[in-house]
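> Can you keep this structure in mind? I'll have questions shortly.
The values are calculated or read from the model by the stated rules, or taken from the named source; none is laboratory data. Fair warning: this is a prediction, and the values are worked out from it, not measured in the lab. In this analysis, Cβ positions are derived from the backbone assuming ideal geometry, glycine residues included, and neighbour counts consider all displayed protein chains.
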Amino acid sequence: RGLRAELRDHLGYAKHDPAGKGSGNSRNGSTAKTVQTEIGPVEVKVPRDRAGTFTPMLLPKNARRLGGLSDVVISVYAGGMTVRDIAHHLHRVYGTEVGPDTISTITDEVLDEVKTWQQRPLDEVYPIVYVDCLMVKVRDGGTVRNKACYLV
């Protein structure tokens, strides 16, 4: 999905948009590309344009490694997504088929680090500053506007 969005920006029009007629460049299907990730080889469908001028930033031409996939899995897992939700998310965004078992393996790898961090000794005193904002209606030059009043 991210690669298709990049192609849309490159071409300047959405799929099936009449603005693309006669533009000189159009979509031309996709090509399957196998890239190496931290979890093993993954097949990605990379969209193409007819003129051959599209170079995706997410997965540049001739790139054989896709780094950071584990970071994506860990961050969305920490955000509360289930393993199956993550697999569905990766399929929608990257067009990759990553199984729930693989995702569980990735999350299990960092589980020890997370538990260690959670059980670390804490300092006795931490400086804390509480900041809050109160929106107040203020008359300014004959008009009433909302202004922020910060409370520290």
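> Hey, among the residues in the stretch 24-35 that are surrounded by 13 or more Cβ atoms within 10 Å (Cβ to Cβ) and modelled with pLDDT of 75 or more, which one's farthest from Asp101 (Cα to Cα)?
Within the stretch 24-35, the match that is farthest from Asp101 (Cα to Cα) is Asn25.
> If you don't mind, there's one more thing I want to ask. Considering only helices (runs of 4 or more DSSP H) fully contained in the stretch 69-131, which possess at least 3 residues that are within 23 Å of Val35 (Cβ to Cβ) and modelled with pLDDT of 80 or more?
Fully inside the stretch 69-131 and qualifying: 83-94.
> Cβ-Cβ below 7 Å, separation at least six or inter-chain, first residue in the stretch 8-20 and within 22 Å of Thr55 (Cβ to Cβ), second among the hydrophobic types (A, V, I, L, M, F, W, C): which pairs?
Arg8/Ala14; His10/Phe54; Tyr13/Ala19; Gly20/Leu11
> Still on this structure: Answer with yes or no whether Val46 is surrounded by 15 or more Cβ atoms within 10 Å (Cβ to Cβ), at pLDDT 75 or above and under 16 Å from Arg92 (Cα atoms).
When the stated conditions are applied, Val46 passes them.
> Restricting attention to the stretch 73-102, and to residues there that are in contact with a strand residue (DSSP E or B) (Cβ under 8 Å, 6 or more places away or on another chain) and polar (S, T, N, Q), which single residue is surrounded by the most Cβ atoms within 10 Å (Cβ to Cβ)?
Across the stretch 73-102, the extreme among qualifying residues is Thr102.
> Which pairs do you get when a residue that is of a type in the set (S, T, N, Q), found in the stretch 103-117, comes within reach of a residue that is surrounded by 13 or more Cβ atoms within 10 Å (Cβ to Cβ), reach meaning Cβ atoms under 8 angstrom, with the pair 6+ apart or on two chains?
Once the first residue is of a type in the set (S, T, N, Q) and sits in the stretch 103-117, its partners that are surrounded by 13 or more Cβ atoms within 10 Å (Cβ to Cβ) give Ser104/Val83; Thr105/Ile39; Thr107/Val73; Thr107/Ile74; Thr107/Tyr77; Thr107/Val83.
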